[in-house]
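The next block holds one structure in the form of structure tokens; read it before the comments.
Taken together, the values in this text are just the output of simple stated rules run on the coordinates, not laboratory data. Since this is a predicted model, take the numbers as computed values, not measurements. Note: ideal-geometry Cβ built from the backbone for every residue, glycine included; neighbour counts use all protein chains shown.
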Amino acid sequence: MKITFLGTGTSDGVPMIGCKCEVCRSRNKKNKRLRSSILITHKNKNYLIDTSIDFREQMLRENINHIENIFYTHSHADHTYGIVDIRAINWAMNNKTIDCYGNKETIDDLAERYDFIFNPIQRGGGLPSIKFKIIDKPMQINGLTITPINILHGILPILGYRFNNFAYITDASKIEKSSLDIIKDVDVLVINTLRYRDHSTHFGAQTAVDIIQSLNVKRTYLTHMTHDINHNKFLHELPKNIEPAFDGLKIYI
Ligand SMILES: [Zn+2]
Ligand SMILES: [Zn+2]
Ligand SMILES: [Zn+2]
């Protein structure tokens, strides 16, 4: 299984428009963050988590021309606005329709927000060919066991996902014990860390580290970071088993 970090930034991205802080001006590529999304490649099939605002740029950068399934964590703009560009992937796959999974709240909200995909106002022009489906229990796809993980993003119930021995959690501010039990023994975990301080809808660094160290996970990568995080500095401050992810990072499990 190969994991590709398509984007590791918070909703603003880094650099942030109009900001002149040290991280936004940094020349270190690891401080350039598109909006958060990852690609899981297994047996030559691609599984995408979220279609970020930067989806098009991410697909071009990583040379991706097929996606078998998409899994949504939640319906916020930074995780979904790339949805319209799925049409180019459909075309590259002989107009194959792509099944997109999420919890009921996410699917209902996406169907409402992006209703023009299903109720076009005129014929002509291309729209993505997708089918929304609810995932509420583990499912098997081509040798992968995919388990939805219920987490809280402020008061919003959203999903993380476990793919075999890998788990991805973003935008969490609370994880109940029953969900921690699903991720406690994975080989690799990705979890969100917005900045140093906690936020009402996101983990800050100390909270994330405390949760990670309470688990039995071999290696953890942090994602969904603001310009508060300077990659090299943060890397040295973290325990040895934890590191900040960066755009373009690939890991093999
Ligand atoms: Zn987000
Ligand atoms: Zn900045
Ligand atoms: Zn969010």
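Please report the antiparallel percentage of DSSP beta bridges with both residues in region 2-252, rounded to the nearest 5.
55
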Taking 7 Å along the Cα-to-C-beta vector as the label spot, tell me the Thr145-Arg61 distance in nanometres, rounded to one decimal. 3.3
Reduced to Cα centres, the span from region 1-32 to region 115-153 in Å works out to 27
What's the ranking of 21-34, 116-129, 216-229, 45-58 by average number of surrounding C-beta atoms within 10 Å, highest first? 45-58, 216-229, 21-34, 116-129
May I ask for the Kirkwood hydrodynamic radius of the chain, worked out over all distinct Cα pairs and given in angstroms to one decimal? 18.3
Efficiency by 1/(1 + (r/R0)^6): what FRET value for Glu243 and Trp91, r their Cβ-Cβ distance, R0 = 30 Å, to the nearest 0.05? 0.20
Extend 7 Å from the Cα of Lys45 along its Cα-to-C-beta direction; within region 123-167, residues with backbone N under 14 Å of that point are 139-147, 163-164
Which links in Lys131/Lys184; Lys45/Lys177; Lys29/Lys240 stretch past 30 Å when you go from one Cα to the other? Lys131/Lys184; Lys45/Lys177
Extension reserve of the Lys174-Arg123 stretch, reckoned as 0.36 nm per residue once the Cα distance is removed: 13.9 nm
Report ³J(HN,Hα) in whole Hz for each residue of region 147-152, in order, from the Karplus equation J = 6.51 cos²θ - 1.76 cosθ + 1.60 where θ = phi - 60°; Gly and Pro get x. 10, x, 10, 6, 9, 10
